[in-house]
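To start, the structure under review is shown below, and the notes come after it.
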Amino acid sequence: MKKLKVAILGQGRSGRDIHGVNLQHLKDKYQITAIVEPLEKRRERAKKEHDCAVYTYYRELFGQSNEIDLIINATPSHLHAPVTLDLLKNGFNVLCEKPFAKTAEEIDVMIAAAKKNNKLLAVFQQSRFGEAYREIKRIINSGILGRIIQISMCYNGFARRWDWQTLQEYNAGSLYNTGPHPVDQLLQLLDYDGMPEVKCYMNRVNTFGDAEDYVKLIMTAPDKPVIDLEISSCNPYPKFQYSVQAEYGGLCGDNSHLDYKYYVRETAPEQHLTRTPIENPDGTPAYCNEKLEWVEKSWDISDVAPRSEASYVPGAPPQEPAIAFYEMLYNHIVNNAPLEVTPQQVRQQIAVMEECHRQNPMSRIKS
């Protein structure tokens, strides 16, 4: 089996704790051969953990494009677009962390560079492979809930934050930092190729920086459901992460458990619109009231089997979306399978976020 040689840029929470850790579970497909990290302490730790070459600056890799199959760009958010573009121009395949960019225009430039240099450009949107999201998509597509009226998603809690991901100058804030996961899922569920209608409200509440930590985003499109996303750091009573309202029933739950129900149309009482007052059998005024037969079902993450037992090293989390993403990416690179998360799809996401920020300009902290 071919092993892809990988270089990782950055050893922060993303580069080390997500990419480094998950690739260790796929050693039959990926080999980490280089780490780039400006902090010496992190470089030394990476060298011990991966037994690989380490570098201070990513341009030290230039000239090695024939020896590196893939570079993972896990640099700070504001560097994603310029560093990815530089790598593409110098002959590397690139997997870029989220957020992909600050503007749709930056993505257009990267897509053009990838095409010109015949290189892979991919975006790490692993939430697309979340088991709960896939189950929600299956339920919706099955038609049992009927016409979908509203899909809501909440990433809520109560927290204060004071790191670099609270600063606009670093392309940070809740929408660019947390938003790429739910916005990606919701745009896929919206299933609309164009730019949806967007209305967004942002606020700064518990952050110590100058970027938003409250987001209310509403999206819709012709003949499509209303999409309602809330990302909040000021909600100590979060409830459902996912909620679907539909013609015949609905759904609610989170990444580990879902409940959904729909009424049996075949046994539903036949009703007709009436303009005359409704009365009880004794002649007293009545309200519309009927008994519907409901089908109630649930889904639990514990019931899901690993996607491919043979490819997992003992100890690997069987439903980890990052691992599923890397399986897909490997099959794309090695076996020419479809790239399931495309830069064009993520461009739509960034265009939505760009519009949200246009509607909500915020003052900045002076450096």
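The values are calculated or read from the model by the stated rules, or taken from the named source; none is laboratory data. Every value quoted in this text rests on a predicted model; they were computed, and no experiment measured them. When we count neighbours, we look across all protein chains shown, and the Cβ atoms used for this are built from the backbone with ideal geometry, even at glycine. Please note that ligands, DNA and RNA were not included when accessible areas were found on the heavy atoms of the full protein model with its side chains. Shrake-Rupley method; radii C 1.70, N 1.55, O 1.52, S 1.80 Å.
Key figures for this structure:
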quantity	calculated
Near pairs, Cβ below 6 angstrom, 6+ apart or cross-chain, from segment 256-275 (without any contact (Cβ under 8 Å) to a residue 40 or more places away in the chain) to any residue that is open to solvent by 80 Å² or more (accessible area, probe 1.4 Å)	LYS261/TRP294; LYS261/GLU296; TYR263/TRP294; VAL264/GLU293; THR267/GLU293; PRO269/GLU290
Qualifying positions in segment 319-359 - surrounded by 15 or more Cβ atoms within 10 Å (Cβ to Cβ), touching a strand residue (DSSP E or B) at 6+ places or on another chain (Cβ under 6 Å) and not aliphatic (A, V, I, L, M)	PRO343, GLU355, CYS356
Counted residues, segment 144-167 - those being more than 17 Å from ASN255 (Cβ to Cβ) and open to solvent by 40 Å² or more (accessible area, probe 1.4 Å)	11
Test: residue in segment 74-94 that is surrounded by 22 or more Cβ atoms within 10 Å (Cβ to Cβ) and assigned to a strand (DSSP E or B)	yes
Residue in segment 224-245 that is modelled with the lowest pLDDT, counting only those that are over 10 Å from TYR155 (Cα atoms), outside any loop (DSSP other than H, G, I, E, B) and open to solvent by 20 Å² or more (accessible area, probe 1.4 Å)	CYS234
Residue within segment 99-106 that is surrounded by 15 or more Cβ atoms within 10 Å (Cβ to Cβ), hydroxyl-bearing (Ser, Thr, Tyr) and in a loop (DSSP other than H, G, I, E, B) present	yes
Test result for ASN280, at pLDDT 95 or above and either within 26 Å of THR166 (Cα to Cα) or exposed (fewer than 11 other Cβ atoms within 10 Å of the Cβ) (or both)	no
Per-region count, segment 25-58, residues open to solvent by less than 60 Å² (accessible area, probe 1.4 Å), out of contact with any helix residue (DSSP H, G or I) (no Cβ under 8 Å at 6 or more places or on another chain) and not in a strand (DSSP E or B)	1
Boolean, TYR176 is under 17 Å from the mean Cα position of the chain (by Cα), of a type in the set (Ser, Thr, Tyr), open to solvent by 40 Å² or more (accessible area, probe 1.4 Å) and under 23 Å from SER77 (Cα atoms)	no
Qualifying positions in segment 318-350 - over 25 Å from GLU105 (Cα atoms), in a helix (DSSP H, G or I) and in contact with a Lys or Arg (Cβ under 8 Å, 6 or more places away or on another chain)	PRO321, ALA324, PHE325, TYR326, GLU327, TYR330, VAL334
Residue count for segment 43-90, restricted to those that are under 14 Å from ARG16 (Cβ atoms) and over 25 Å from the mean Cα position of the chain (by Cα)	10
When residues of segment 265-277 are limited to those that are of a type outside the set (Asp, Glu) and within 30 Å of GLU296 (Cβ to Cβ), the one surrounded by the most Cβ atoms within 10 Å (Cβ to Cβ)	ALA268
Residues of segment 127-143 that turn out to be open to solvent by 10 Å² or more (accessible area, probe 1.4 Å) and aliphatic (A, V, I, L, M), as a count	1
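Yes/no matrix, rows are residues, columns are (1) touching a strand residue (DSSP E or B) at 6+ places or on another chain (Cβ under 6 Å); (2) within 30 Å of VAL334 (Cβ to Cβ); (3) free of Cβ contacts under 8 Å to residues at least 40 places away in the same chain; (4) among the aromatic types (Phe, Trp, Tyr):
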| residue | (1), (2), (3), (4) |
| --- | --- |
| THR84 | yes, yes, yes, no |
| LYS98 | no, yes, no, no |
| ALA101 | no, yes, no, no |
| ALA113 | no, yes, yes, no |
| ASN117 | no, yes, yes, no |
| LEU120 | no, yes, no, no |
| GLY130 | no, yes, no, no |
| MET153 | yes, no, no, no |
